[in-house]
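Chemist: Before I ask anything, here is the structure I am working with.
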Amino acid sequence: MWSIKKIRIKMVRRKSDLLLIFLFSFFLVYMMLLVYVTFLQPNPAYEQAHMSAYMLDLDGESLYELDSSGHPHRQKNGARHAHKCKEKQNFVFIKGMKCATTTLLGVFYRFGYTRNLSFVTPVHWKMHLNWPYPMTPRDYRPSRRGYNILTDHAIYSEREMAAIMPKNSVYISIVRHPFEQLKSIFQYFKVHKVAGVPSKVENPVVEYLSNLQHYESFYQRHNAPNRWCVPDGFSITKNLMSHCLGIPLGFPAGTKNITSDNDEIQRYLVHFDRKFNLILIAEHFFESLILLRRLMCWEFSDIVFNSANVAQYKFKTMEVPDSIMDIHRNWSSVDYKLFEHFNASLWRLIHQQGPDFYDEVEAFKIVQSQISSYCSKIYDVKDKNSIPAYLNKTVVPSSEWTRQFSMLPKDCLLMGPNPYATLQIIQGESDVRDGDLIRQQDSVPDNRTMKGSC
Ligand SMILES: Nc1ncnc2c1ncn2[C@@H]1O[C@H](COP(=O)(O)OS(=O)(=O)O)[C@@H](OP(=O)(O)O)[C@H]1O
């Protein structure tokens with residue numbers, strides 16, 4: 001009897017030991033989980049910062065070392081020299097329409113021309129690579145030395161471009177608020193005039209959007225007079241930025257159209273996030289340029305610019321009723337999604353740059369204002385062959401953000417006032433260098449059905 005009792009007591013003790021062991025193990029697992037969740041789980045902000053460093057660093061060369069909070073270290077003694085990063089020279093710029101793209105062209109022509117880089121240059125004296133149709137090999141000049149830069153008007157054609165551009169090419173584009181872009185399109189393409197909007201209306205954009213179907217079909221009609229560059233059946237007012245980025249929106253008639261398929265559009269946006277290294281925003285041009293400089297490992301001297309195509313027109317700043325804005329948002333819905341997506345990406349990227357980003361932006365603004373003031377004097381000189389001696393250069397002093405550099409009249413002239421003058425120089429040199437190849441290409445009949453007219 002006594003021994004049975006003893007056994008029972010022992011069993012009870014063993015049970016309570018087991019319970020204790022179980023509780024202790026449970027406590028241990030719980031503590032481990034707690035440590036993991038608090039300290040070891042990936043921190044989205046940190047991950048983002050690293051993703052951005054990866055985005056900004058295509059060759060695996062670190063532009064910025066990230067500190068423990070995921071922010072890049074401040075650069076001392078000049079933007080580029082304190083860090084081991086190599087200037088990127090291979091890039092594709094998808095030049096949309098009316099988004100400060102000609103301003104950027106000036107920057108890119110000057111960058112490439114002064115380094116003797118090879119451009120994917122439009123044939124003959126054209127300025128477009130088959131816009132608004134996809135680019136084909138028929139649209140650019142053959143080149144014995146391959147290509148470094150594609151920057152002229154082209155619809156983003158992934159396969160065609162990847163086939164001729166170096167593998168490490170950086171892909172860049174720019175977008176603008178769709179309504180600002182629309183006004184600029186009206187002004188430039190004289191949309192209201194082609195579409196027959198009465199000249200007495202106060203705001204032709206408002207009038208056009210109020211009677212959209214009527215004016216749109218009139219604008220798109222066969223062989224409409226004064227509608228240059230824009231083929232029949234092409235809408236210049238609807239989702240133009242998205243079309244330039246190659247989203248299939250039903251032009252030419254009968255091709256795929258995903259305008260109303262939100263899931264497909266989102267897939268395109270995600271795809272662009274992967275394919276494009278940077279999408280600039282025209283409204284935040286300075287911030288965008290600093291991101292570009294960091295991405296490309298360029299210098300201030302490479303990103304100074306001349307603002308091109310800045311137009312003054314009466315409806316530029318006119319107030320527009322919300323109901324009209326809604327019509328446009330509905331009409332050009334893919335462009336709004338595109339703009340909102342990349343505007344948010346830009347701000348995310350800026351946020352990841354760390355506290356010194358705006359110091360750099362402000363420093364660049366000062367340099368840019370010096371260059372603008374100098375270049376505008378050069379542009380004002382009528383006879384460019386006799387520029388007065390006092391204008392023979394301007395010197396930008398060295399600072400934390402830039403080394404000292406000089407701008408000469410020829411630098412201003414390479415990027416403005418009309419950067420297409422530089423394209424013509426590039427085309428002329430291509431004629432000399434690769435004339436035999438160009439003649440061979442021209443001798444083959446061009447039977448394409450989709451041929452841009454500009
Ligand atoms: N630096 C800078 N920052 C912001 N905005 C700028 C800049 N440079 C040009 N612009 C504005 O861009 C419009 C011209 O765009 P594009 O050069 O792309 O036109 S084009 O498609 O090449 O014809 C044109 O817009 P609108 O003036 O509204 O027509 C320019 O004012």
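The values are calculated or read from the model by the stated rules, or taken from the named source; none is laboratory data. Please read all numbers here as calculations on a predicted model, not as lab measurements. We place every Cβ from the backbone using ideal geometry, glycine too, and count neighbours over all the protein chains shown. Surface accessibility is based on the protein's heavy atoms, side chains included, excluding ligands, DNA and RNA. Shrake-Rupley method; radii C 1.70, N 1.55, O 1.52, S 1.80 Å.
Chemist: Using a 10 Å cut-off on Cβ atoms, rank the peptides 151-161, 249-259 from the highest mean neighbour count down.
Modeler: Working: 151-161: 20.4, 249-259: 13.5.
Put in order of decreasing packing, that is 151-161, 249-259.
Chemist: May I ask for the distance between the Cα centers of region 166-243 and region 401-422, given as a whole number of Å?
Modeler: 32
Chemist: Here is a follow-up. Indicate, rounded to the nearest 5 percent, the antiparallel portion of the DSSP beta bridges found entirely in region 91-442.
Modeler: Details: 5 of 18 bridges.
In region 91-442, DSSP labels about 30 percent of beta bridges as antiparallel.
Chemist: While we're looking at this one, here's another question. For the pair D326 and E283, what calculated FRET efficiency results from E = 1/(1 + (r/R0)^6), where r is the Cβ-Cβ distance and R0 = 25 Å, to the nearest 0.05?
Modeler: Details: r = 21 Å, r/R0 = 0.82.
Computed FRET efficiency for E283 and D326: 0.75.
Chemist: So, one more: Among 430-436, 386-392, 185-191, how do they line up by average Cβ neighbours within 10 Å per residue, starting with the highest? All intermediate terms of the calculation are to be shown ahead of the outcome.
Modeler: Values: 430-436: 14.0, 386-392: 10.6, 185-191: 18.9.
Final packing ranking: 185-191, 430-436, 386-392.
Chemist: Follow-up question, since we're still on this one. For W125, W228, W347, give the ranking by accessible area with the largest first, probe 1.4 Å.
Modeler: Values: W125 145, W228 115, W347 95 Å².
Result of the area sort, largest leading: W125, W228, W347.
Chemist: Continuing with this model, one more query. Which one of F357, V123, F315 is farthest out on the positive end of the charge dipole of region 91-442, using unit charges on Cβ (Lys, Arg +1; Asp, Glu -1) and the Cα centre as origin?
Modeler: V123
Chemist: Let me ask something else about it. Ordering V320, V92, V444 by accessible area with a probe of 1.4 Å, largest first, what comes out? Don't skip to the answer; put the middle values down first.
Modeler: On the way: V320 25, V92 0, V444 80 Å².
In descending accessible area the options line up as V444, V320, V92.
Chemist: Rg and Dmax in Å for region 91-442, alpha carbons only: what are they?
Modeler: Rg then Dmax for region 91-442, in Å: 20.9, 61.
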